[in-house]
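Since the structure comes first, as structure tokens, the remarks are kept for the end.
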Amino acid sequence: MDIDMLLEKMLQSQGFGSRKYCQQLIKNGAVSIQDEIQKDLKYRIHDLTDFNFQVFDQNYVYREKVYIILNKPKGFECSHQPHHHQSVFSLLPDLLIQRNIAAVGRLDQDTTGLLLLTDDGQYLHTLTHPKKHVPKVYHVATIDPITVDQMHQLEQGVELHNEKGVFAATNVTLLNETQLSMTIHQGVYHQVKRMIAAVGNKVTALHRHKIGQLELPNLAEGEWMYLTETQKLAAQQIT
Ligand code: URA
């Protein structure tokens, strides 16, 4: 990647703070490139391929955009300004928050599981646009035993108050008497809870397991990682 970027601009793009603060970091000798302290404010970078740098002796790799997968715990809101609970963003380092990342579709505070976050607007749009119909797989626990009729109704489609059209699930599979797995292809507010209510049952726990072809990897609750390129593409894969 051929570019021409001031060192302070690169630091800013990676979430290290304001232009002034990044200049200070450089002037104070906190920034190294190839293990050499770089104090020159005029220093320019011409190739960002696999570009490594150190700030306060910690190693960083330049990332044009960030793609994060988080195993969301219960009791966290997917908003920067949460109302009643902590924000999922409090589970991430400051450097990422400074980059203005956003959640790729929100989960309710009491829903757990796969949450993607990114500062790539195009990627976010592709995964959340209603016309794309990216499938999302949820594991659902219900208050009452799930009946065959309820499963049929979910597959046939149900109407939801104040929403146009019908909302149908695919791959509705019983996991045990009060748990099922279902795939939805839209993403309206509280969709799974409302679909389950529409067939006469009630959700007691909800866990998102998969987006597109991307399954939640082995992450403890509250843990996150950067998506690999393969994982990033898998989330966009519809079949
Ligand atoms: N459907 C819901 O009802 N809640 C979620 O968090 C996600 C899907």
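Values in this text are rule-based calculations from the coordinates and carry no lab data. Keep in mind the model is a prediction, meaning the values are calculated, not measured. Glycine also receives a Cβ, built like all others from the backbone with ideal geometry; neighbour counts cover every protein chain displayed.
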Within the stretch 14-29, residues touching a strand residue (DSSP E or B) at 6+ places or on another chain (Cβ under 8 Å) and surrounded by 17 or more Cβ atoms within 10 Å (Cβ to Cβ) come out as Gln14, Phe16, Leu25
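If we keep just the residues of the stretch 151-169 that are in a strand (DSSP E or B) and of a type in the set (A, V, I, L, M, F, W, C), which is surrounded by the fewest Cβ atoms within 10 Å (Cβ to Cβ)?
So, considering only residues that are in a strand (DSSP E or B) and of a type in the set (A, V, I, L, M, F, W, C), the one surrounded by the fewest Cβ atoms within 10 Å (Cβ to Cβ) is Val166.
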Please tell me if Lys193 is over 16 Å from Thr111 (Cα atoms) and surrounded by 16 or more Cβ atoms within 10 Å (Cβ to Cβ). no
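Every residue, every condition in (1) in contact (Cβ under 8 Å) with a residue 12 or more places away in the chain; (2) touching a helix residue (DSSP H, G or I) at 6+ places or on another chain (Cβ under 6 Å), yes or no:
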{"residue": "Val166", "(1), (2)": "no, no"}
{"residue": "Ser181", "(1), (2)": "yes, no"}
{"residue": "Tyr189", "(1), (2)": "no, no"}
{"residue": "Val199", "(1), (2)": "yes, yes"}
{"residue": "Arg208", "(1), (2)": "yes, no"}
When every residue in the stretch 197-215 that is of a type in the set (A, V, I, L, M) and within 14 Å of the ligand (Cβ to nearest atom) is compared, the one surrounded by the most Cβ atoms within 10 Å (Cβ to Cβ) is Ile211
Flagged in the stretch 171-196 as in contact with a Leu (Cβ under 9 Å, 6 or more places away or on another chain), within 15 Å of the ligand (Cβ to nearest atom) and outside any loop (DSSP other than H, G, I, E, B), in numbering order, are Val172, Leu180, Ser181, Met182, Gln191, Val192, Lys193, Arg194, Met195, Ile196
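Tally time: how many residues in the stretch 90-109 are outside any loop (DSSP other than H, G, I, E, B), over 23 Å from Pro130 (Cβ atoms) and under 14 Å from the mean Cα position of the chain (by Cα)?
4
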Here the qualifying pairs (Cβ atoms under 7 Å; residues six or more apart or on different chains; first in the stretch 120-149 and farther than 17 Å from Val188 by Cα; second within 15 Å of the ligand (Cβ to nearest atom) and in a helix (DSSP H, G or I)) come out as Thr142/Ile196
Exactly one of Val148, Val172 is more than 22 Å from Lys232 (Cα to Cα), surrounded by fewer than 16 Cβ atoms within 10 Å (Cβ to Cβ) and among the β-branched types (Val, Ile, Thr), and that one is Val148
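From Leu115, Leu92, Leu154, grab the single residue that is more than 16 Å from the ligand (Cβ to nearest atom) and either touching a residue at least 40 places away in the same chain (Cβ under 8 Å) or over 26 Å from Thr239 (Cβ atoms) (or both).
Leu92
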Of (1) outside any helix (DSSP H, G or I); (2) touching a Lys or Arg at 6+ places or on another chain (Cβ under 8 Å), Leu117 satisfies every one except (2)
The residue from Leu41, Leu25 that alone is more than 28 Å from the chain's Cα centre (by Cα) and either within 30 Å of Ile211 (Cβ to Cβ) or not in a helix (DSSP H, G or I) (or both) is Leu41
When restricted to Leu48, Leu41, the only residue over 27 Å from Asp120 (Cβ atoms) and in contact with an Asp or Glu (Cβ under 9 Å, 6 or more places away or on another chain) is Leu41
Residues that are basic (Lys, Arg) and surrounded by 14 or more Cβ atoms within 10 Å (Cβ to Cβ): does the stretch 112-131 have at least one? no
query: Has the stretch 66-80 got any residue that is within 28 Å of the chain's Cα centre (by Cα), part of a strand (DSSP E or B) and over 22 Å from Lys232 (Cα atoms)?
result: yes
Practice task
Answer yes or no: is there a residue in the stretch 32-48 that is touching a residue at least 60 places away in the same chain (Cβ under 8 Å) and of a type in the set (Phe, Trp, Tyr).
Solution key: no
